[in-house]
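Report on the structure given below.
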Amino acid sequence: MKKAILILVFTVIMSTITQASYAEELTPNVKSSILMEASTGEVLYENNPDEHLPIASVTKIMTMLLIMERIDSGALKFDDMVTVSENANSYGGSTMFLETGEQLSVHDMMKGIAVASANDGCVAMAEHIAGSEAGFVELMNKRAAELGMNNTVFLNTNGLDADGQYSSARDVAIMSRELIKHEKVFEYTKIWTDSLRDGKFALANTNKLIRFYNGATGLKTGSTSKAGCCLSATAERDGMGLIAVVLGAADTKTRFSSASALLNYGFSGYTVKKQIEKGEPTGVINVSKGIQKEIKTVANSDYSVLMSRAQPIEIEKSVKLEDFVIAPVKKGDKVGEINFTQDGKITQTVDIVADEDVEKKGFCLVLMDVLYEFICG
């Protein structure tokens, strides 16, 4: 018995050592890295993911997130015009060469930020949204807290070196995952070359994976003397999205090779199986006292399962609908649920909801029903 226990302990130790060694081999010469599957948020690989590190222009992911959230909410439009302040004009480094008093659309500002990593564009957008960069930074930190980014402090909108500003590979993956939920952003992050000002200012993407990695969709590069070379790389193949974050790479070649290695590892070893899609029909249900006798029902959310290609798992699905509902019914009202189980244990429950409104019958219709039953039977 003791021998068996010793063998088990030795196996666990050797497995841990092997994983640690593999972690170093997969992303050598970087300070921190992580690989996350986008739809589930599951981490497939990590190497020192929570260390506080500067992330340079990868910071702009949060800036773009706040912009995209406001666009999707209707508070901001792509064709809104942004006036450049003297403060925004004063920023150097990577810029889109904004001039004081110049007006560009939000659409053009997003191109400058996503493709050319424009520091001045970030400040101009921050001032347009929050009145000042400081006010926008408060929004950035508030959103980071809401997302559970516990190892992040933002001090500016663009990632220029600042004492006390830091994040982590895990937090970068978290905010990257949130940004790519706004799929319109890919129209900017997937640009390889473009231009602004009627072709007078050329843009070239700093993320070389966009051109050279199959399935690449974004997301943001960054480099400063303190941060080294950083990257949050997103890619999609066969319905699976991956987020590979590399921080503190020794040079730009290492940054891209490490991100590519992470993505290759994910695509070759894992797959995502969608179990249900939001809005997918789930049957019909009878309605009592309504102006119609039945309504259609749909799933209220997506559910996907990440699994190893080497060891696929079986997921069972059971649908439970109410026998009937009583009018009035509102679209979105819960009328049942779907349970997904693995090895007899529930892994996820998805609500089933009404796909339409049903009004309650008025007095006249109820009276007609009574008379009909009385006469016919």
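The values are calculated or read from the model by the stated rules, or taken from the named source; none is laboratory data. Nothing here was measured: the structure is a model prediction, and the numbers come from that model. Here the Cβ positions follow ideal geometry from the backbone for every residue, glycine too, while neighbour counts run over all protein chains shown.
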Would you confirm whether any residue within region 130-138 is touching a Phe, Trp or Tyr at 6+ places or on another chain (Cβ under 6 Å) and in the same structural domain as SER223 (by TED's automatic domain parsing)? yes
Of residues in region 226-260 being under 15 Å from SER39 (Cβ atoms) and not small (Gly, Ala, Ser), the one surrounded by the fewest Cβ atoms within 10 Å (Cβ to Cβ): ASP238
With the structure loaded, tell me whether ASP323 is more than 30 Å from SER225 (Cβ to Cβ) and over 25 Å from the mean Cα position of the chain (by Cα) or whether it fails that test. yes
Can you tell me which residues in region 166-192 are in contact with a helix residue (DSSP H, G or I) (Cβ under 8 Å, 6 or more places away or on another chain) and not aliphatic (A, V, I, L, M)? SER167, ASP171, SER176, GLU178, HIS182, LYS184, TYR188, THR189, LYS190, TRP192
Of the listed residues (ALA88, ALA134, ALA145), the one being buried (at least 21 other Cβ atoms within 10 Å of the Cβ), at pLDDT 95 or above and in a helix (DSSP H, G or I) is ALA88
Region 162-201, residues that are at pLDDT below 95 and touching a Ser or Thr at 6+ places or on another chain (Cβ under 9 Å): PHE201
